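The structure under discussion appears below in the form of structure tokens.
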Amino acid sequence: IALELQAHARFIAFDVPAKTQKSDLAKWAELITDDINRLTNGEPVLADPAGQFAGHPARLTITVGFGPNLLKRLEIETPTGFIELPSFKVDRLTPEFSDGDILIHVAADDPLTLFHASRALIRDTESFADLRWVQEGFSNAIGVNKPGTTQRNLMGQVDGTDNPVPGTDVFNSQVWIQEGPEWAIGGTQLVLRRIKMNLDTWDRLSTNQKEGVIGRKLSNGAPLTGENERDLPNLDAVDENGIKIIPPYAHIRKAAGKPEQQFFRRPFNYEVPGVEAGLLWTAYCANIEKQYVPIQRTLDEGDLLNLWTTPVGSSVWIIPRGYKPGQTLASELFA
């Protein structure tokens, strides 16, 4: 989660049959743990039919999450603030990109590594759950930008400037769950949104119009009141005519929120050639209800960017904390 974005990502969701017991998922967790250990160390999984792809992990990470319906059905206590999202006016959600019981997020810098790892994880999960949807995203290839460079989305905008810095106290308090059941402590809550972009009409705007919608410069991501990307926006600044330099309905103004409402974003672009393009937008936080929902409500009520973006998929997940060598993924969850 705190790692610099890999070039390729795949989000895979499953539905767990109603008859499934905790003991069944404990067996699945043991199998998937073994897969994760092998794949991330450049080794083939057991009985791997294509083990020749395993030798180059390419910064492969595999992150697993669980949806609210599964946790409720198994009567598993969840941490405060983990809720299903309310309805928003901008939403045009479709089932093929929403919800689910188990999420496996696979990311790597090499598409063959991503393909092989995804195939192995799907194959070993389908004995316990039914594949619901797969969504694939991408960012810049490694070497295109200097390390630490903020990625751009398909609108050309620098995306993710105001993120908390991993390893800091602010990041830890905003991202990692600090209170609740023991199995959730040290994990995080994830909102995954598939946001379709209307690039045809967006491309007709001038540079000044695009910058006014976002509140940032296209050239380097700096706020309209600053020179550099990391400059703090001055939301009160006005020009010589008394007009707000950052427009009243600009995205960064609506997305600002209070300090305690901030969260960590990892955006991946997606494209279905000839059909649609957009963003697989992820928000990691300690409390969805207190952090994510208030900001999304504000965006829903008056963000000018809504004219060019439409959420078509949405889901929420709890990501358990990582495990150490010799341990099993989410072992406390299914004990």
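The values are calculated or read from the model by the stated rules, or taken from the named source; none is laboratory data. Quick caveat: nothing in here was measured; it's all calculated off a predicted structure. Ideal geometry is used to build each Cβ from the backbone, glycine not excepted, and the neighbour counts take in all protein chains shown. Surface accessibility is based on the protein's heavy atoms, side chains included, excluding ligands, DNA and RNA. Shrake-Rupley method; radii C 1.70, N 1.55, O 1.52, S 1.80 Å.
Regarding residue 100, is this residue within 19 Å of the chain's Cα centre (by Cα) and either assigned to a strand (DSSP E or B) or of a type in the set (A, V, I, L, M, F, W, C) (or both)?
Values: within 19 Å of the chain's Cα centre (by Cα): yes; either assigned to a strand (DSSP E or B) or of a type in the set (A, V, I, L, M, F, W, C) (or both): no.
Here the answer is no, as residue 100 does not meet what is asked.
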Review point. Considering region 171-190 alone, what residues qualify as being open to solvent by 50 Å² or more (accessible area, probe 1.4 Å), over 24 Å from residue 299 (Cβ atoms) and out of contact with any Ser or Thr (no Cβ under 9 Å at 6 or more places or on another chain)?
Key: 172, 178, 182
Check your understanding: Where residues in region 133-146 are in contact (Cβ under 8 Å) with a residue 60 or more places away in the chain and open to solvent by 80 Å² or more (accessible area, probe 1.4 Å), which of them is farthest from residue 220 (Cα to Cα)?
Key -> 136
Check your understanding: Does any residue of region 279-288 turn out to be assigned to a loop (DSSP other than H, G, I, E, B), open to solvent by 60 Å² or more (accessible area, probe 1.4 Å) and not small (Gly, Ala, Ser)?
Key -> no
Exercise for review: Check residue 168 against each of (1) touching a residue at least 60 places away in the same chain (Cβ under 8 Å); (2) open to solvent by less than 80 Å² (accessible area, probe 1.4 Å) and name the one condition it does not meet.
Suggested key: (1)
Revision key, fill the gap. Among (1) of a type outside the set (Gly, Ala, Ser); (2) open to solvent by 40 Å² or more (accessible area, probe 1.4 Å); (3) within 17 Å of residue 86 (Cβ to Cβ), residue 321 falls short only on (3)
Point to revise | From 246, 295, residue being in a loop (DSSP other than H, G, I, E, B) and open to solvent by less than 20 Å² (accessible area, probe 1.4 Å) | key: 246
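Given the structure, is residue 193 open to solvent by less than 60 Å² (accessible area, probe 1.4 Å), of a type in the set (Lys, Arg), more than 30 Å from residue 45 (Cβ to Cβ) and within 18 Å of the chain's Cα centre (by Cα)? Full working, then the answer.
Values: open to solvent by less than 60 Å² (accessible area, probe 1.4 Å): yes; of a type in the set (Lys, Arg): yes; more than 30 Å from residue 45 (Cβ to Cβ): yes; within 18 Å of the chain's Cα centre (by Cα): yes.
Criteria met by residue 193.
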**Study point:** Single unsatisfied condition, residue 38 versus (1) open to solvent by 50 Å² or more (accessible area, probe 1.4 Å); (2) at pLDDT 95 or above; (3) within 30 Å of residue 167 (Cα to Cα); (4) not in a helix (DSSP H, G or I)
**Key:** (4)
Review point. Does residue 301 count as over 18 Å from residue 13 (Cα atoms), over 16 Å from the mean Cα position of the chain (by Cα), modelled with pLDDT of 95 or more and not in a loop (DSSP other than H, G, I, E, B)?
Key: no
